[in-house]
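The values are calculated or read from the model by the stated rules, or taken from the named source; none is laboratory data. Nothing here was measured: the structure is a model prediction, and the numbers come from that model. Note that we place each Cβ from the backbone using ideal geometry, even for glycine, and neighbour counts take in every protein chain shown. Calculation scope for accessible area: heavy atoms of the full protein, side chains included, ligands and nucleic acids excluded. Shrake-Rupley method; radii C 1.70, N 1.55, O 1.52, S 1.80 Å.
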Amino acid sequence: MSLTIRGSAKARDQPSCNGFFCRMVCLPKCIFGGFSRVMGRRNQYQPSELQLQHPQLLHPPVVPEDWAFLVSFEQQYGTTHPFFYACSFMQALKIAEDEHKLMFMYLHSPEHPFTPSFCSRTLSSELVVQFLDANFVCWGAIADRGEGLQMAATLQPASFPFCAVIAPAAGNNIAVLQQMEGPIDPAELVEILQRTMEEQGSAFGTTVRGREEEHMRARIKEEERIKARAKEQEKLRADRQLREEQDAAYFVALQRDQEKENLRNARAQKPIEASNQTNYQNPRQMHREKQLGKPRQSSSVGEAQYKETITRGKDSQILIRFPGGERREHNFSCTDKILSIYRYIDSLGLPGIANYRLISSFPRRVYSFDQMGMTLKDAGLHPRASLFVELL
């Protein structure tokens with residue numbers, strides 16, 4: 001797809017300069033998709049030592065498409081010329097964009113009568129060479145082959161030699177800031193290029209700066225996203241570590257409480273055993289006491305211990321641990337419900353204990369609103385259990 005709008009051309013013996021304008025041109029797919037070709041430089045295309053020793057090997061030379069213009073130009077006009085990048089059009093345009101420069105494009109028509117004078121006197125002029133090398137990225141192509149033919153069909157020059165000042169644009173478009181058709185002397189070419197830079201370069205620079213600012217904003221946004229993700233992962237790691245430390249401390253305290261409970265039960269069992277041994281008497285001793293008129297006495301301690309054991313069998317001992325390290329132990333009936341434990345905790349009036357839930361560790365189970373109606377026995381909290389208050 002090409003745009004055929006073009007400024008008016010002057011006489012064929014005068015340079016055609018379309019004035020200061022800017023038109024957008026859509027590149028064909030064969031040009032826009034040619035960015036993957038390898039970029040070279042003009043001094044890299046040199047004959048090998050074997051070819052220098054045997055000149056017949058130089059004919060016919062295998063010239064890459066990117067080198068065709070330079071080889072043709074230097075064979076006829078020598079090596080004094082602006083530095084033309086031996087690469088695809090899109091690669092040269094990318095180089096110009098990266099270096100914040102405009103692109104100078106030259107379409108070379110070897111058979112046109114104006115071409116020899118333009119190449120030998122204008123493009124080979126030291127003034128033009130120095131000015132273009134300092135301010136532009138130059139790219140040239142033969143107008144009847146390869147990308148040169150595609151660009152000629154896209155820009156549709158009225159005459160040759162054809163030069164244009166190109167700037168990158170959005171998508172697969174380019175901005176043609178200036179185009180010159182026909183012969184032109186070195187001083188006039190430099191003057192036109194200088195005016196184009198002054199008039200159009202500011203807008204091009206603003207576009208480049210806008211793209212750089214957009215890239216910078218995107219990069220800053222990406223860095224902020226990465227930092228936020230890292231911060232979130234660090235918070236998750238800290239929360240996980242805190243939970244592990246709390247669980248470890250809870251397990252250690254639970255083990256200690258279990259050991260104390262076992263020791264307390266063992267101490268309580270000893271008086272019962274001693275009472276049973278005291279209450280036991282052999283028949284001879286009972287007969288002797290009967291003869292002596294001594295009534296048999298039961299140990300009040302043993303009865304108390306027995307009653308206490310029976311009472312404990314009906315109760316559920318619940319050890320409650322709070323986040324601050326405080327512990328409370330309370331006896332509930334095995335028929336009491338989970339709601340009774342919540343009411344007991346609320347009655348303590350401890351500061352900071354408002355929205356919470358109860359958790360057991362072995363096995364880990366959460367007793368929240370859905371379990372309020374369960375009895376302690378059905379909930380597995382009988383005859384004794386340890387619960388941890390977890391704040392929400």
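Work out the length of the dipole vector of region 65-214 about its Cα centre, built from +1 on the beta-carbon of each Lys and Arg and -1 on the beta-carbon of each Asp and Glu, and round it to the nearest 20 debye.
The dipole magnitude comes to about 120 debye.
Hand me the trypsin sites (Lys or Arg not before Pro) from region 83-124 located in a DSSP loop with no more than 11 other Cβ atoms within 10 Å, in residue order please.
Here no loop site has a sparse enough neighbourhood.
Name the trypsin sites (Lys or Arg not before Pro) in region 326-392 that are in a loop by DSSP and that have at most 16 other C-beta atoms within 10 Å, would you?
Lys377
Restricting to region 315-391, compute how many DSSP beta bridges are antiparallel as a %, nearest 5.
Counting DSSP beta bridges with both partners in region 315-391, the antiparallel share is about 75 percent.
Write down the accessible area per residue of region 110-179 in Å², having rolled a 1.4 Å probe over the full set of protein chains.
34 Å²
Ranked highest first by the average count of other Cβ atoms within 10 Å around their residues, in what order do 64-74, 189-199 fall?
Result, highest mean Cβ count within 10 Å first: 64-74, 189-199.
With no solvent and one equal point scatterer per Cα, compute the Debye intensity ratio I(q)/I(0) for region 65-214 at 0.14, 0.15, 0.18, 0.21 Å⁻¹ and report its log10, rounded to two decimals.
Normalising to I(0) and taking log10 leaves -0.63, -0.73, -1.07, -1.48.
Using unit Cβ charges (K, R positive; D, E negative) and no other charged atoms, how large, in debye to the nearest 20, is the dipole of region 315-391 about its Cα centre?
160 debye
Calculate what fraction, in whole %, of the accessible area of region 65-214 sits on carbon and sulfur atoms when a 1.4 Å probe is rolled over the protein chains.
49 percent
Within the set Lys235/Lys377; Lys235/Lys337; Lys101/Lys227; Lys29/Lys227; Lys94/Lys221, which residue pairs have Cα atoms separated by over 31 Å?
Over 31 Å apart, Cα to Cα: Lys235/Lys377; Lys235/Lys337; Lys101/Lys227; Lys29/Lys227.
Name the residues whose placed amide hydrogens come within less than 5 Å of the amide hydrogen of His108, ignoring near sequence neighbours (fewer than 5 apart) on the same chain.
Ala141, Ile142, Ala143
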